[in-house]
Amino acid sequence: GTAAAALLAEEPPCLLVVERGLTEMDGFDVVEQMYETAGAEQPVIPVLVLSDRGFTPDDVRRAEPHPGLLLLGRDILTDEELTGLLTTMTQRAEPASHRSYAQVRAALVHIEQHYRTPLTRWQIAQAAGVSENHLGRLFHRELGLTLWDYLTRLRVQRAKERLRQSDDSVQAVARAVGFHDRAYFSRVFRKVTGVAPHIYREAS
């Protein structure tokens, strides 16, 4: 984190991709220092903060002063989707300062915090403070995924971790990440990863 901040002090970037959990300084510290060093005249820089451990309401609070900052779970997007997202972030016609990621960040954090439980679009929209339809459009515009695609991929990511790190049955893993039907979980897991849960475990 300290090394990144030093590099950014030399020349502000046109796009910053940073990991949430860095040593010495976390990703939000890097963003805050970048803007402090650049001063008030610095145009809004698009920032993508990645995390493999999820995000919290405190992360939303820390992101609030930075309108061009987007949160994203690591490995949720494919490489091709991530490339498309980064391209979009740097090529938007309207200034980043005129856009707000606030509702998308709030929705994403609600998903991260509650993916283990049954979730509805209405609940996510309530947490973000907007209507279901409006949030759906915002979420897809900013991340290139629907709310449901993001939730499904997050659950599969957490299932992969449990399959690698525990001896829990496939059914127990499914329930732990928010699926209450093993057969449905297996179908979704195969669709996202290309293999069945037990095959993934054996290969890991």
Match the structure shown to one of the listed values (i) -0.76, -1.26; (ii) -0.92, -1.51; (iii) -0.91, -1.33 of log10 I(q)/I(0) by the Debye sum over Cα atoms at q = 0.13, 0.18 Å⁻¹, computed from it, and give that label. (i)
Most fluctuating residue given options Leu72, Leu16, Leu147, as computed from a GNM of the chain linking Cα atoms under 10 Å: Leu16
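Would you mind getting me the FRET efficiency between Arg53 and Asp167? Use the beta-carbon distance for r and R0 = 25 Å, nearest 0.05.
Numbers: r = 22 Å, r/R0 = 0.89.
It comes to 0.65.
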For Cys14 and His114, what does the FRET efficiency come to when R0 = 45 Å and r is the distance between their Cβ atoms, rounded to the nearest 0.05? 0.80
Counting only residues 5 or more apart in sequence or on a different chain, those whose built amide H sits under 5 Å from that of Met25 are Thr2
Return the sequence-ordered ³J(HN,Hα) values of the range 19-24 in whole Hz as given by the Karplus equation 6.51 cos²θ - 1.76 cosθ + 1.60 applied to θ = phi - 60°, using x for Gly and Pro. 7, 4, x, 8, 7, 6
How large is the accessible surface per residue of the chain, computed with a 1.4 Å probe and reported in Å² as a whole number? 52
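Less than 11 Å Cβ to Cβ from Ser51, Lys/Arg counted +1 and Asp/Glu -1: what total charge do the surrounding residues give? Please list the in-between numbers first.
Numbers: positive: Arg20, Arg53, Arg74; negative: Glu19, Asp26, Asp52, Asp59, Asp75, Glu112.
Here the charged neighbours net out to -3.
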I'd like to know which of Ala174, Gln33, Leu86 lies farthest towards the positive end of the charge dipole of the chain, counting +1 on Cβ of Lys and Arg and -1 on Cβ of Asp and Glu. Ala174
Determine the dipole magnitude for the range 65-150: charges of +1 sit on the beta-carbon of Lys and Arg, -1 on that of Asp and Glu, nothing else is charged, the reference point is the Cα centre, and the result goes in debye to the nearest 20. 300
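How about the range 80-181: which trypsin sites (Lys or Arg not before Pro) there lie in a loop by DSSP and see at most 14 other Cβ atoms within 10 Å?
Filter output for the range 80-181: Arg92, Arg116.
Mind checking the range 10-79 for GluC sites (Glu not before Pro) that DSSP puts in a loop (not H, G, I, E or B) and that have at most 10 other Cβ atoms within 10 Å? Intermediate results must be reported in sequence, preceding the final value.
Details: sites: Glu10, Glu19, Glu24, Glu32, Glu36, Glu41; in loops: Glu24, Glu41.
Answer by residue number: Glu41.
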Please report, in debye to the nearest 20, how large the charge dipole of the chain is about its Cα centre when each Lys and Arg carries +1 at its beta carbon and each Asp and Glu carries -1 there. 1260
Just how large is the dipole of the range 93-204 about the Cα centre, in debye to the nearest 20, putting +1 at every Lys and Arg Cβ and -1 at every Asp and Glu Cβ? 180
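The values are calculated or read from the model by the stated rules, or taken from the named source; none is laboratory data. Please read these numbers as outputs of a predicted model, since none were measured by experiment. Backbone-built Cβ (ideal geometry, glycine too); neighbour counts: all protein chains shown. Keep in mind that these areas ignore ligands, DNA and RNA; they rest on the heavy atoms of the full protein, side chains included. Shrake-Rupley method; radii C 1.70, N 1.55, O 1.52, S 1.80 Å.
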